[in-house]
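Read the structure below first, then the notes.
The values are calculated or read from the model by the stated rules, or taken from the named source; none is laboratory data. Just so it is clear, the structure is predicted and the values come from calculations on it, not from any experiment. Here the Cβ is made from the backbone with ideal geometry for all residues, glycine too, and neighbour counts use every protein chain on show.
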Amino acid sequence: MRKRGRTADEVGARVGAGTAGAGGDLFAPGPNGDDAYGEPILRTVRLNKAFFMGETIYAVNDVNLAIEGGEFVLITGPSGSGKSTLLSLLGGLDRPISGEVILDGRRYSRLNENGLAALRRQKVGFVFQFFNLIPHLTARGNVMLPMRFAGRSAREVGERADELLALVGLTDRAGHRPSQLSGGEQQRVAIARALVNKPAVVLADEPTGNLDSKTREGIGEIFGRLNRETGQTFIVVSHDETFNGLADHVLHMVDGWIERNEVRSRH
Ligand code: ADP
Ligand code: MG
């Protein structure tokens with residue numbers, strides 16, 4: 001996994017999802033056909049992340065992306081190809097060694113840690129393979145947690161939590177703790193929690209990796225419905241067939257770079 005020394009334009013041309021330069025596909029209409037000349041909701045410019053483990057490993061290697069608002073992007077690739085690292089950079093959980101991430105016009109490199117955390121809270125929802133719920137809180141308590149910091153009234157927070165639990169079909173499990181819920185139910189709580197602040201972008205890293213096949217379909221159904229109905233942008237790392245039919249783009253990662261960007265037409 002050494003750096004291959006491609007230029008941004010070469011990578012961009014291969015990716016076809018937008019390049020750092022003018023023209024190219026950056027200003028092409030999104031697959032939804034709307035907002036033809038708008039800025040993409042999420043863009044990266046020559047994004048690099050390396051780890052130094054005796055030798056330098058480029059986990060993310062000169063990645064240029066332009067993702068339009070409302071798109072459903074699926075990221076696949078072998079283990080170790082950089083999918084999780086890329087997702088962390090896109091969500092501002094980690095800093096690149098070079099390059100830029102721009103979310104809704106805001107450049108991460110110009111934000112300090114507090115500014116980045118605030119942007120993340122407003123605009124990004126995260127869903128992980130291991131649900132990361134707080135064990136001693138109920139489903140409702142877990143969903144309410146991110147809202148406690150946003151200065152809203154207790155009543156408003158409770159109502160929003162109930163609305164989200166209904167959305168993921170868990171109204172009757174609101175008072176259960178994570179240990180009293182199935183894996184699929186826990187992941188639905190985690191999805192509800194990710195959505196509390198109405199994020200423009202939902203990032204999910206192998207969200208069904210720990211679930212059985214029937215439960216996986218339920219998660220796919222929720223993501224698909226949200227994407228269609230709210231216009232939220234989804235970027236999902238997964239090999240799960242469940243998401244295949246939802247994707248506008250499938251990005252195939254190999255050794256830290258995007259080997260192929262498969263563009264799908266919307267049904
Ligand atoms: P994927 O999610 O596609 O399996 P990752 O993004 O987790 O891949 O990892 C990409 C590469 O970066 C791998 O070679 C991995 O070993 C390396 N890597 C990821 N995180 C770290 C870290 N914190 N320290 C050192 N190497 C890391
Ligand atoms: Mg991973």
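The set of residues in the stretch 84-114 being within 16 Å of ligand 2 (Cβ to nearest atom), touching a strand residue (DSSP E or B) at 6+ places or on another chain (Cβ under 7 Å) and hydrophobic (A, V, I, L, M, F, W, C) consists of LEU86, LEU87, LEU89, LEU90. Being in a loop (DSSP other than H, G, I, E, B), away from ligand 1 (no atom under 16 Å from the Cβ) and surrounded by fewer than 14 Cβ atoms within 10 Å (Cβ to Cβ) is a property that LYS214 lacks.
Selection of the stretch 198-223 for residues being in contact (Cβ under 8 Å) with a residue 60 or more places away in the chain and away from ligand 2 (no atom under 14 Å from the Cβ) yields PRO199, ALA200, VAL201, VAL202, PHE223. Restricting attention to the stretch 235-261, the residues being in contact with a Leu (Cβ under 8 Å, 6 or more places away or on another chain), farther than 22 Å from GLY99 by Cα and either part of a helix (DSSP H, G or I) or away from ligand 1 (no atom under 13 Å from the Cβ) (or both) number 6.
Summed over the stretch 81-138, the residues that are in contact (Cβ under 8 Å) with a residue 40 or more places away in the chain, over 30 Å from ASP212 (Cβ atoms), among the aliphatic types (A, V, I, L, M) and not in a helix (DSSP H, G or I) give a count of 4. Within the stretch 94-139, the set of residues being under 24 Å from TYR58 (Cβ atoms) and among the small types (Gly, Ala, Ser) comprises SER98, GLY99, SER109. Restricting attention to the stretch 162-192 and to residues that are in a helix (DSSP H, G or I) and among the small types (Gly, Ala, Ser), the residue that is farthest from the chain's Cα centre (by Cα) turns out to be SER179. GLU262 meets each of the listed conditions (1) under 26 Å from ILE134 (Cβ atoms); (2) of a type outside the set (Lys, Arg); (3) in contact with a strand residue (DSSP E or B) (Cβ under 8 Å, 6 or more places away or on another chain); (4) surrounded by fewer than 17 Cβ atoms within 10 Å (Cβ to Cβ) apart from (1).
Which residue out of LEU90, LEU74, LEU103, LEU86 is over 19 Å from TRP257 (Cα atoms) and either touching a Lys or Arg at 6+ places or on another chain (Cβ under 9 Å) or buried (at least 22 other Cβ atoms within 10 Å of the Cβ) (or both)?
LEU103
Quick one: would you say ALA190 is within 23 Å of ALA118 (Cβ to Cβ) and out of contact with any strand residue (DSSP E or B) (no Cβ under 7 Å at 6 or more places or on another chain)? In short, no.
For the residues THR138, THR56, the requirement of being among the hydroxyl-bearing types (Ser, Thr, Tyr), more than 16 Å from ligand 2 (Cβ to nearest atom) and either closer than 18 Å to VAL189 by Cβ or touching a Leu at 6+ places or on another chain (Cβ under 6 Å) (or both) singles out THR138. Of the residues making up the stretch 163-212, those that are of a type in the set (D, E, K, R) and over 13 Å from PHE131 (Cβ atoms) are GLU163, ASP172, ARG173, LYS198, ASP212. Summed over the stretch 15-62, residues that are out of contact with any strand residue (DSSP E or B) (no Cβ under 6 Å at 6 or more places or on another chain) and either within 15 Å of MET253 (Cα to Cα) or at pLDDT below 50 (or both) total 15.
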